[in-house]
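Read the structure below first, then the notes.
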Amino acid sequence: MIDTLSNLAVNTGAFLFALGVIVFVHELGHHLVAKLFGVRVHVFSLGFGKRIWGFRRGDTDYRVSALPLGGYVRLGGELPEEATGDPSEFLSKPRWQRILVYAAGPAMNLVLSVTLIALLFMQGIRVQGLQNVPPVVGYIEAGSAGELAGLQLDDEIVAVNGEPVEEWKDVDFMLSLAPERAVQLDIRRADQTMKLEVTPKKAPKYEYGDAGIHPKLELRLSVIYEDRPAHLAGFLSGDIVRKVDGKPITTAQEFIDQIEPRAGQTITVEVLRGEELLALEVTPVDIEGKGRIGVGLDIYRQLPFGEAVVESVRWNFEIIEMSATVLGKLFTREVAAKSALSGPVEIAAWAGEAVRQSFKQLIFLMGFLSISIGFLNLLPIPVLDGGHILILLIESVLRRDLSVVVKERLIQVGFMILMSLMVVVIFFDLSKNLPGLLGGS
């Protein structure tokens, strides 16, 4: 019970921190651009509902409100019934300025995400998070869908369901969208090409497709712990693992599989250090029934500032592209809504898990959530920023305002769509996460 409450507290704290930063930056975008165009801002609020704390500066009440699941900026004269024709009111401004005010929130989400991910790239981040990982199979889990389908090490996947792929992340993404559905892979094996059919298993809880296959990557030792077997055997941070007792190693899991069952047995690990190939003998020690040699395994790459920004921008636009793909597959029922939609409970669990791993993981999650929230806000649904922008674009084409009645009906429809979506998301959220929170299976 105490552990459950502790986890709940960590999850909630991490979630509120991450969401608070993202919402603040989003609303700050609206606020700054509105001020730039001389629009009076009445309220800048983190959260909805009752005001629990704040201060007033100029015309604006900066506040924190009771329900911490979003925020808003209330502009002077934003609603037709409030408009008086004053030049500082929102509806008195040209349409292009109003469009920029609405677009500024999602734009700031993009800026935040690009900044956070670029900082991580500069500090060092797992290579799986970067581009240019070729779609070559480096590890296959025993009993996995990939093994059952007949995949082999060094198979190059050239297409998934007829769509060409150039990087592993594309393979991983397309397989994750097909839990318990047959997927056709075009394989290049040595000098032959063939087709294999794989049916990814449904991963527990989040219900994405898992084929149990992993890319072929360079495995580098990131940490060597003092006075442990690896340190005493002469291993150094930065060594690249090539073989264990003559068996080629291409993933961290393969290395772990070779070490864990062999406590007390001397093994030979071949590593590349610079341009020199070394064979180091080490004897794993038994720790809680598993062999350990005292190394940290991570596949990290650090980028200089310019390259980090470029890679971050590319990563963000790929997330947008993937989000659009998932949205399209939701409408065509190629992806189950339960596996694709995540609500506050699930996101809080992600945040808690991330912060327990490292602050870097939380920052990475914040980048992902920021660009995802920015993308969702640009959907052409009245009530959302994208819906307001769409109405303004239609009015620009027509060269006249839509009637107040038409706008009210559009807003009502948009509100109903949004509320219906929220009910569905929260239902799926609770069905996936409530049993775990209550200690069920």
Cross-chain or 6+ apart pairs with Cβ under 8 Å, the stretch 260-282 first and over 17 Å from Leu297 (Cβ atoms), then part of a strand (DSSP E or B) and among the acidic types (Asp, Glu): Ala263/Asp286; Gly264/Asp286; Thr266/Glu281; Thr268/Glu281; Leu277/Glu270; Leu278/Glu270; Ala279/Glu270
Residue satisfying all of: in the stretch 175-220; hydrophobic (A, V, I, L, M, F, W, C), at pLDDT 85 or above and in contact with a helix residue (DSSP H, G or I) (Cβ under 9 Å, 6 or more places away or on another chain); nearest to Ala340 (Cα to Cα) among these: Leu177
Number of the exception - Tyr102 against (1) open to solvent by 30 Å² or more (accessible area, probe 1.4 Å); (2) at pLDDT 95 or above; (3) hydroxyl-bearing (Ser, Thr, Tyr): (1)
Residue in the stretch 299-314 that is at pLDDT below 90, acidic (Asp, Glu), under 22 Å from Lys216 (Cβ atoms) and out of contact with any Lys or Arg (no Cβ under 6 Å at 6 or more places or on another chain) present: yes
Count of residues meeting criterion [open to solvent by less than 60 Å² (accessible area, probe 1.4 Å) and hydrophobic (A, V, I, L, M, F, W, C)] in the stretch 69-90: 4
Answer residue from the stretch 206-254, given it is among the hydroxyl-bearing types (Ser, Thr, Tyr) and farther than 22 Å from Glu141 by Cβ and is least open to solvent (accessible area, probe 1.4 Å) among those: Ser222
Wholly within the stretch 105-205, strands (runs of 3 or more DSSP E) carrying at least 3 residues that are over 25 Å from the mean Cα position of the chain (by Cα) and surrounded by fewer than 18 Cβ atoms within 10 Å (Cβ to Cβ): 183-189, 192-198
Helices (runs of 4 or more DSSP H) contained in the stretch 335-441 and holding at least 2 residues loosely packed, with under 14 Cβ neighbours inside 10 Å: 344-357, 385-398, 404-437
Long-range neighbours under 9 Å by Cβ, at least six apart or interchain, first residue farther than 10 Å from Leu278 by Cβ within the stretch 232-248, second part of a loop (DSSP other than H, G, I, E, B) and not polar (S, T, N, Q): Leu232/Gly294; Ala233/Ile293; Gly238/Gly274; Ile240/Glu218; Val241/Glu218; Val241/Ile249; Lys243/Ile249; Pro248/Leu153
Residue in the stretch 257-274 that is at positive phi and open to solvent by 50 Å² or more (accessible area, probe 1.4 Å) present: yes
Among (1) aromatic (Phe, Trp, Tyr); (2) within 19 Å of Leu217 (Cβ to Cβ); (3) in contact with a strand residue (DSSP E or B) (Cβ under 7 Å, 6 or more places away or on another chain) - the single one Tyr72 does not satisfy: (2)
Any hit, the stretch 223-237, residues being within 24 Å of Gln152 (Cα to Cα) and either assigned to a helix (DSSP H, G or I) or not β-branched (Val, Ile, Thr) (or both): no
Residue match in the stretch 256-263 (condition: part of a strand (DSSP E or B), modelled with pLDDT of 90 or more and not hydrophobic (A, V, I, L, M, F, W, C)): no
Every pair of residues 6+ apart whose Cβ atoms lie under 6 Å, when the first sits in the stretch 166-178 and is small (Gly, Ala, Ser) while the second is open to solvent by less than 30 Å² (accessible area, probe 1.4 Å) and modelled with pLDDT under 90: Ser176/Gly209; Ala178/Gly209
Qualifying residue in the stretch 48-59 (condition: touching a helix residue (DSSP H, G or I) at 6+ places or on another chain (Cβ under 9 Å) and free of Cβ contacts under 8 Å to residues at least 60 places away in the same chain): no
Ile320 vs. criteria out of contact with any Ser or Thr (no Cβ under 6 Å at 6 or more places or on another chain), hydrophobic (A, V, I, L, M, F, W, C), surrounded by 13 or more Cβ atoms within 10 Å (Cβ to Cβ) and modelled with pLDDT of 90 or more: yes
Pairs where the first residue, in the stretch 201-221, is without any contact (Cβ under 8 Å) to a residue 40 or more places away in the chain and the second is of a type in the set (Lys, Arg), C-beta under 9 Å, 6+ apart: Gly209/Arg181; Gly209/Lys201; Gly209/Lys202
Hits in the stretch 27-41 - residues which are in a helix (DSSP H, G or I) and in contact with a strand residue (DSSP E or B) (Cβ under 7 Å, 6 or more places away or on another chain): Glu27, His30, His31, Ala34, Lys35
Residue satisfying all of: in the stretch 390-430; farther than 21 Å from Glu81 by Cβ and polar (S, T, N, Q); farthest from the chain's Cα centre (by Cα) among these: Ser396
Subset of the stretch 296-317 that is part of a strand (DSSP E or B) and open to solvent by 30 Å² or more (accessible area, probe 1.4 Å) - its residue that is farthest from Leu379 (Cα to Cα): Leu297
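The values are calculated or read from the model by the stated rules, or taken from the named source; none is laboratory data. Treat the numbers as computed from the prediction; the structure is a model and nothing was measured. For neighbour counting, all protein chains shown are included, and Cβ atoms are generated from backbone atoms with ideal geometry for every residue, glycine included. With ligands, DNA and RNA removed, areas are computed over all heavy atoms of the protein, side chains included. Shrake-Rupley method; radii C 1.70, N 1.55, O 1.52, S 1.80 Å.
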